[in-house]
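Chemist: This is the structure I want to talk about, given as structure tokens.
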Amino acid sequence: MATLNTLRTKGGVLLITVIAIALVAFLLGDLSSLGSGFDSKRMRIGTINGTHINYQEFLVEAENNAEVLQNLYNLPSLSQEQVNYVREDLWRNLIIKNAYAPGFEKLGLTVGDDESVDMCTGQYISPVISQLFANPQTGVYDPAVIRNFVASLEHYPAYQSVWNYLTEQMSVERAMAKYIALVEAGVNVNSLEVAAAMNQNGATYDVEYVFKPYSAIADSLVTVTEKEVKNYYKEHESMFKQKAARDIEYVVFDMLPSPEDYSEASDYVETLAAEFAASEDPVQFAKYNTQLANQAFVYVTEKNVPAEFYSLAFGKEQTPMYGPVLENDVYTIARLVDTKMAPDSLGAKHILLTAAQKSSADSIVKALKSGASFEALASQYSMDPTVDLGHFAPEQMVEEFSAACENAKVGEIFTVDTQYGTHIVNLTFKTKPVKKALIASIVYNVEPSETTQQAVYTEARTFLEKAGKSYNEFSNAVAELALLRRMATINSTDRGVNGLENSSEISRWAFNGEKDDVSAILEVEGDYIIAVVKEAREEGIAPIETVSERIAGLLRNEKKAEMIEAEFAGKATLAEMKAVEGAKEGVAEAVSFSSVFVPGVGVEPALVGAIASSAPMIVSKPVVATGGVYVYQVTNKELKELNEVDEQVRLESLASSFISERLSQALDEECEITDNRVKFF
């Protein structure tokens, strides 16, 4: 019995333990699945009409579009600005796809197969296509160019992604154009609007005024209670809508060469120049020693030679060497290599054959010389959709191609092999030979040494240790070390700090942080930057504590306006009102309703509206304006004749010109869009 009792007791403990472990495992599993959800949420770069945009998926699509752009314009790589453009373009397309397109479909604003064909070769060519597939000689869209491009798709798989991208862009552009046209058709200007515009824009007013600014009354004479501020905030919440933004302050530790760095660079460049002057192959020497990426070594004419190199080949007294010359921390050395007489401009058509097609070259050349159509054979055989290359400078083409063209006669048909394949060329244009010079140059940048870089980093590190983890500590460190404090506001649509190139790392850090956060040492364009978030504003209604001072100022001015109106009350003339303590007088000429600006006063729309509705020589009632209270009288009203038809055309044109921009704004406001891209890019 004792044993059974013991088993029961110990079994109870064991059972409780097992249940506890099971519960923990269940909770951990639950938390694990939640964690996955949290991770997924953290990886959203935005939400468009309920559709979550995942960072990784967005990145992959942006990279695909970047590759399309590279293939489209034959670019070896994209600059940061071009990458930003690709991402911005993709985001806009996602808005159209997830927010606009469903509505377009309900309205029947779709693009069918027949219309897609028409956009390429029909009557209403898509601007997406017309801008890209133009004849290189005329600059005018040529359907033959796009047909050659489409025919080459099976031979160039990379072009297929370009074509898919273009067709998608065509459809997006056309659907949007239809919607804009639909809205434009509903915009009209009626006779009442024309009459009002003619009355408002056909008159200018000269006025005399008396003005008492709010600043003439001491703030201490006006009491604004906390309750009044809260009530105003509740009643005017829409006034305090704000976009997400970060106010930051930052310190820059410039990475500049030290005096020792300049001295070492000078010694090195002098030695380099001596070796360059003695080199038997100056072009190869320059290619090996220059620090300028993708530096071209081509023949130049007197017209396009860099000014600093002119004396090397075209001056009256030619000099064998240029430099070393230091300018903006860059040394330049140059040497004349060769001169020759050669054409400055060429023109040609070509058919590009792959290695597998090379055996057909002779028969194609023979057919062309017998009178066959170059364009027809190009359409059948060429791997390059651009048949007519137009006019080009020799240095624009690969060396073998240009050399063959330079040695040929206009009208001659010949073949030349390059890295791209075998070209069958018909030379169509060639200018008279001019003197050209081949100049080899070396660029050497004076840069901070490792010792200098370490010294600057140590300076930044010392500041960071003092800056601590708050805005106050950051400010104290700036004052203690006598550093230059810089300020910036970063909006959620910004991709960096204004004035700092490639500074997206700062905006990412700021929007992933909170108020009072101090950054680590950030490297931007070679310099070290340490920043602090002074203020963090999220999208929505601004918290009352951040706008209470502004509200108090508005309420204070409202009360001051009442006090000034009371001072003006009972006075019939401007002269009497001018006698009010703190009042000022003035004259404004040619005030127009079409402008919110009053000459000599500034932007005061309420005052402009009042003046435009006043009869001459009558003292007005007090007008509460932005800067104070005005009383005025119109001394002269000038009328000009306006044509009713012209005014209607002007108003309709004005309305149409803003439709596209305002339509996008209105649609975006109606859509539920959360944009967190600044946290990722």
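The values are calculated or read from the model by the stated rules, or taken from the named source; none is laboratory data. These numbers were taken from a predicted model, which means no experiment stands behind them. A quick note on method: Cβ atoms are made from the backbone with ideal geometry, for glycine too, and the neighbour counts reach across all protein chains shown. We work out accessible area using only protein heavy atoms, side chains counted, and drop any ligands, DNA or RNA first. Shrake-Rupley method; radii C 1.70, N 1.55, O 1.52, S 1.80 Å.
Chemist: Considering each residue of region 88-119, count those that are among the basic types (Lys, Arg) and closer than 13 Å to residue 668 by Cβ, and give that number.
Modeler: 1
Chemist: Starting from residues that are more than 29 Å from residue 466 (Cβ to Cβ) and not hydrophobic (A, V, I, L, M, F, W, C), keep the ones in region 517-544 and report whichever is farthest from the chain's Cα centre (by Cα).
Modeler: Among them, the one singled out is 543.
Chemist: Just give me the residues in region 560-575 being in contact with a helix residue (DSSP H, G or I) (Cβ under 9 Å, 6 or more places away or on another chain) and either surrounded by fewer than 14 Cβ atoms within 10 Å (Cβ to Cβ) or not in a loop (DSSP other than H, G, I, E, B) (or both), in sequence order.
Modeler: Scanning region 560-575 gives 560, 561, 563, 564, 567, 568, 570.
Chemist: Among (1) outside any helix (DSSP H, G or I); (2) open to solvent by less than 40 Å² (accessible area, probe 1.4 Å); (3) in contact with a Phe, Trp or Tyr (Cβ under 6 Å, 6 or more places away or on another chain), there is one condition residue 580 misses while meeting the rest; what is its number?
Modeler: Just one mismatch for residue 580, condition (3).
Chemist: Taking region 483-504 as the region of interest, how many residues are open to solvent by 50 Å² or more (accessible area, probe 1.4 Å) and at pLDDT below 95? Give the derivation first.
Modeler: Restricting attention to region 483-504, the residues satisfying the condition of being open to solvent by 50 Å² or more (accessible area, probe 1.4 Å) are 484-487, 489, 491, 493, 495, 498-499, 501-502.
Still in the running and at pLDDT below 95: 491, 493, 495, 498-499, 501-502.
Within region 483-504, residues that are open to solvent by 50 Å² or more (accessible area, probe 1.4 Å) and at pLDDT below 95 number 7.
Chemist: If you don't mind, another one. Could you check region 412-431 and list, in sequence order, the residues that are of a type in the set (S, T, N, Q), without any contact (Cβ under 8 Å) to a residue 40 or more places away in the chain and in contact with a Phe, Trp or Tyr (Cβ under 7 Å, 6 or more places away or on another chain)?
Modeler: 418
Chemist: Can you tell me which residues in region 240-255 are in contact with a Lys or Arg (Cβ under 9 Å, 6 or more places away or on another chain) and not in a strand (DSSP E or B)?
Modeler: 240, 243, 244, listed by residue number.
Chemist: When residues of region 344-396 are filtered for being over 16 Å from residue 156 (Cβ atoms), in contact (Cβ under 8 Å) with a residue 24 or more places away in the chain, open to solvent by 40 Å² or more (accessible area, probe 1.4 Å) and assigned to a loop (DSSP other than H, G, I, E, B), how many remain?
Modeler: Adding up the residues that qualify gives 1.
Chemist: Condition check: free of Cβ contacts under 8 Å to residues at least 12 places away in the same chain and not charged (D, E, K, R). Does residue 196 satisfy that?
Modeler: In short, yes.
Chemist: Okay, next question. Is it the case that residue 219 is of a type in the set (D, E, K, R) and within 29 Å of the chain's Cα centre (by Cα)?
Modeler: Criteria not met by residue 219.
Chemist: Can you spot a residue in region 80-90 that is touching a strand residue (DSSP E or B) at 6+ places or on another chain (Cβ under 7 Å), surrounded by 18 or more Cβ atoms within 10 Å (Cβ to Cβ) and among the β-branched types (Val, Ile, Thr)?
Modeler: No, region 80-90 contains no residue that is touching a strand residue (DSSP E or B) at 6+ places or on another chain (Cβ under 7 Å), surrounded by 18 or more Cβ atoms within 10 Å (Cβ to Cβ) and among the β-branched types (Val, Ile, Thr).
Chemist: What is the residue count in region 364-416 for residues that are out of contact with any strand residue (DSSP E or B) (no Cβ under 9 Å at 6 or more places or on another chain) and of a type in the set (A, V, I, L, M)?
Modeler: Going through region 364-416 one residue at a time, the tally reaches 3.
Chemist: Now a separate question. Given (1) open to solvent by 30 Å² or more (accessible area, probe 1.4 Å); (2) more than 26 Å from residue 540 (Cβ to Cβ); (3) touching a residue at least 12 places away in the same chain (Cβ under 8 Å); (4) more than 37 Å from the chain's Cα centre (by Cα), identify the lone condition not met by residue 230.
Modeler: (2)
Chemist: Quick one: in region 439-474, which of the residues that are β-branched (Val, Ile, Thr) and assigned to a helix (DSSP H, G or I) is most open to solvent (accessible area, probe 1.4 Å)?
Modeler: Taking the candidates together, the pick is 451.
Chemist: Suppose we keep only residues that are touching a strand residue (DSSP E or B) at 6+ places or on another chain (Cβ under 8 Å) and not hydrophobic (A, V, I, L, M, F, W, C) within region 48-79. Which one would you say is surrounded by the most Cβ atoms within 10 Å (Cβ to Cβ)?
Modeler: Start the filter on region 48-79 by keeping residues that are touching a strand residue (DSSP E or B) at 6+ places or on another chain (Cβ under 8 Å), which leaves 48-49, 52-55, 58.
Still in the running and not hydrophobic (A, V, I, L, M, F, W, C): 49, 52, 54-55.
Working: 49: 15, 52: 14, 54: 13, 55: 18.
Step by step, filter region 48-79, then rank; the result is 55.
Chemist: Hey, can you tell me all the residues within region 589-630 that are among the aliphatic types (A, V, I, L, M), open to solvent by 50 Å² or more (accessible area, probe 1.4 Å), in a loop (DSSP other than H, G, I, E, B) and closer than 23 Å to residue 557 by Cα?
Modeler: 596
Chemist: Could I ask something else about it? Filter region 205-246 down to the residues that are of a type in the set (Phe, Trp, Tyr) and over 23 Å from residue 576 (Cβ atoms) and list them by number.
Modeler: 232, 233, 240
Chemist: May I pose another question? Provide a single number: the residues in region 284-318 that are open to solvent by 30 Å² or more (accessible area, probe 1.4 Å), of a type in the set (A, V, I, L, M) and within 15 Å of residue 339 (Cα to Cα).
Modeler: 1
Chemist: Find all pairs meeting these conditions: Cβ atoms under 8 angstrom apart; at least six residues apart or on different chains; first residue within region 648-667 and under 24 Å from residue 191 (Cα atoms) and at pLDDT 80 or above; second residue among the basic types (Lys, Arg) and part of a helix (DSSP H, G or I).
Modeler: Close Cβ pairs (under 8 Å, with a partner that is among the basic types (Lys, Arg) and part of a helix (DSSP H, G or I)) do not exist here.
Chemist: Conditions: (1) assigned to a helix (DSSP H, G or I); (2) closer than 19 Å to residue 305 by Cβ; (3) touching a Ser or Thr at 6+ places or on another chain (Cβ under 6 Å); (4) not aliphatic (A, V, I, L, M). Residue 436 meets all but one. Number of the miss?
Modeler: Single failed check for residue 436: (1).
Chemist: From 199, 148, 164, grab the single residue that is polar (S, T, N, Q), over 22 Å from residue 92 (Cα atoms) and open to solvent by 60 Å² or more (accessible area, probe 1.4 Å).
Modeler: Going through 199, 148, 164 in turn, the sole match is 199.
Chemist: Next question, about the same structure. Would you check if residue 337 is of a type in the set (Val, Ile, Thr), closer than 22 Å to residue 446 by Cα and part of a strand (DSSP E or B)?
Modeler: The answer is no for residue 337.
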